[in-house]
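Accompanying notes for the structure given below.
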Amino acid sequence: MNLISAMKKILPGWYWTLVFSLFALGIGLLVPSFIDQFSQRNSAVSQPDTITVTPYPTQQVTSTPMEVAQAASATSVSATATNTLLPPPTLEPPTATPFPSMTPTITPTQSIFVNVTIEGIQGLPTATLLPEEAACEARDDWSLEYTVQDNETLTSIANKFDTWAQTLAEGNCIADVNVIRAGQTILVPGDSIPVEPAIVCEGYTLLQPINNAAGIPSTGTITFNWKGPRAPRYLLRLYPPDYDFSTENSDEWIDYTFDLRQNNSLDLTDLPDGGLWHWEVRPLDEDFVQACPGSPLWSFNKDEYDPSGEGLGFGG
C-alpha cells in the first residue's frame, strides 16, 4: 500500500486514468471471445455422439482443477442412460426343521426262513442214511411157547432146552440177551417143556484155591472152583479176616451170585483187607432159595492191598 501511494504521488493522475481505461478495454474485448468458446463447447457436449477416451496403459495424467471441473460437467451433461433399480429380493422365511422324535419307530422287516441242521451249524458232514434193515421175524420152525419165570435169564432158559442164549435171542427178536422180563412169552426149540430134575444134594470137593492157601497177592484175580450139588444158581460168600462168626452180621460178609457154573473169579482189589479170609458156596434154586446145605468153610491168606503198590506182607 505504501508503494502504491508513493507511485500515485510520483505519476500524474492522467496516467492512471489511461491505465485503467486500457485494462477495461482489454476486458471488454476478451469477454465475447470467452462467451463464444463456452457456447461452442456446450454445443459439442450436447451432441448425441459419445466420444470414448482410451487412456494410455501405463501413463497417469494429473488433471488440473479446470479439467476436473470440465470432465465432471461433461459427464453430467452427456449421461443419458437411466439406472434401473432392481426390485428387492424376495426373502422367504426359513422353514423350521422339527427335531427327531424320541419315540422309537418299529420298522417291520421281512422274515427270512433258513433250513439248517445241527450238523450244518457245527460244520459236521451230513450223515448218510443207511437203508433200513429188514424187520426181524421170529423163527417159524419153533412152535413151543415158554413163559419166563421170576429170576430167570435167557441163559438159564437156554440150558433147560439144550441151546444157547444168543440162539433164543435171535429166534425171538430180542435185542439184548440180558434183558427179559417175568411173564414174557418166547418161542423155544423142542416139543415139550422139560421137567426140572430135583437137586441132588451131594458132597463138595474143593479144587482151588487150596484150603488155607498162603501167598495170595494183594492185586490181580483169584478164582474159586469146586464140585458139588448141581443147582440153577450158586451163592459165593466171603468173610473178612476180622469177622466174628458168633454174630452172623450180614453187613460184614460179601456175597456174589451167579448161574449154573461152579466157579467164579474176583478182582483181589475188591478184597482190600490182608489176612485170613474164609469162604463158602451155597446152592440156590430158581427162586434164589437155598436148595442144599452149604459147603464147608475154606480159607486163604491174602496180602493187604496197598494203593501205593507196595505189599504189606502175608496175613497171619
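Just so you know, all these numbers are worked out from the coordinates, no wet-lab data involved. Remember, predicted model here, so these are calculated numbers, not experimental data. Here the Cβ is made from the backbone with ideal geometry for all residues, glycine too, and neighbour counts use every protein chain on show.
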* Amide H to amide H under 5 Å from Cys173: which residues, 5+ apart in sequence or cross-chain, H placed 1.01 Å off N in plane? -> none
* To do: Run through all the Cα pairs of segment 191-250 and give the fraction in each 10 Å bin from 0, expressed as whole percent.
  => 14, 34, 34, 12, 6, 1
* About its Cα centre, how strong a charge dipole does segment 144-188 have in debye, to the nearest 20, once Lys and Arg get +1 and Asp and Glu get -1 at the Cβ? -> 20 debye
* Calculate one ³J(HN,Hα) per residue across segment 213-224 by plugging θ = phi - 60° into the Karplus curve 6.51 cos²θ - 1.76 cosθ + 1.60, and present them in order as whole Hz with x for glycine and proline. => 5, 10, x, 5, x, 7, 10, x, 10, 10, 10, 9
* Determine the shape class of segment 144-188: with a ≥ b ≥ c the square roots of the Cα gyration tensor eigenvalues, call it rounded for a/c under 1.5, and otherwise prolate if a/b is greater than b/c, oblate otherwise. => rounded
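Out of all DSSP beta bridges in segment 205-302, what portion is antiparallel? Express it as a percent rounded to 5.
Numbers: 27 of 29 bridges.
Just about 95 percent of them are antiparallel.
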* So if we plug the beta-carbon distance of Thr269 and Leu206 into 1/(1 + (r/R0)^6) with R0 = 25 Å, what FRET efficiency do we get, rounded to 0.05? -> 0.55
* Amide H neighbours of Leu284 under 5 Å, counting only residues 5+ apart in sequence or on other chains, H built in-plane at 1.01 Å? -> Arg233, Tyr234, Leu235, Ala291
* Asked: What list of ³J(HN,Hα) values in whole Hz, one per residue of segment 174-189 in order, does the Karplus curve 6.51 cos²θ - 1.76 cosθ + 1.60 (θ = phi - 60°) give from phi, with Gly and Pro shown as x?
  -> 9, 5, 10, 5, 9, 10, 9, 10, 5, x, 6, 9, 10, 8, 10, x
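Would segment 205-302 count as rounded, prolate or oblate if I go by the C-alpha gyration tensor, calling it rounded below 1.5 in a/c and otherwise prolate when a/b exceeds b/c, oblate otherwise? Display every interim value, and only then the final one.
Values: a/c = 1.80, a/b = 1.38, b/c = 1.30.
Judged from the Cα gyration tensor, segment 205-302 comes out prolate (a/c at least 1.5, a/b above b/c).
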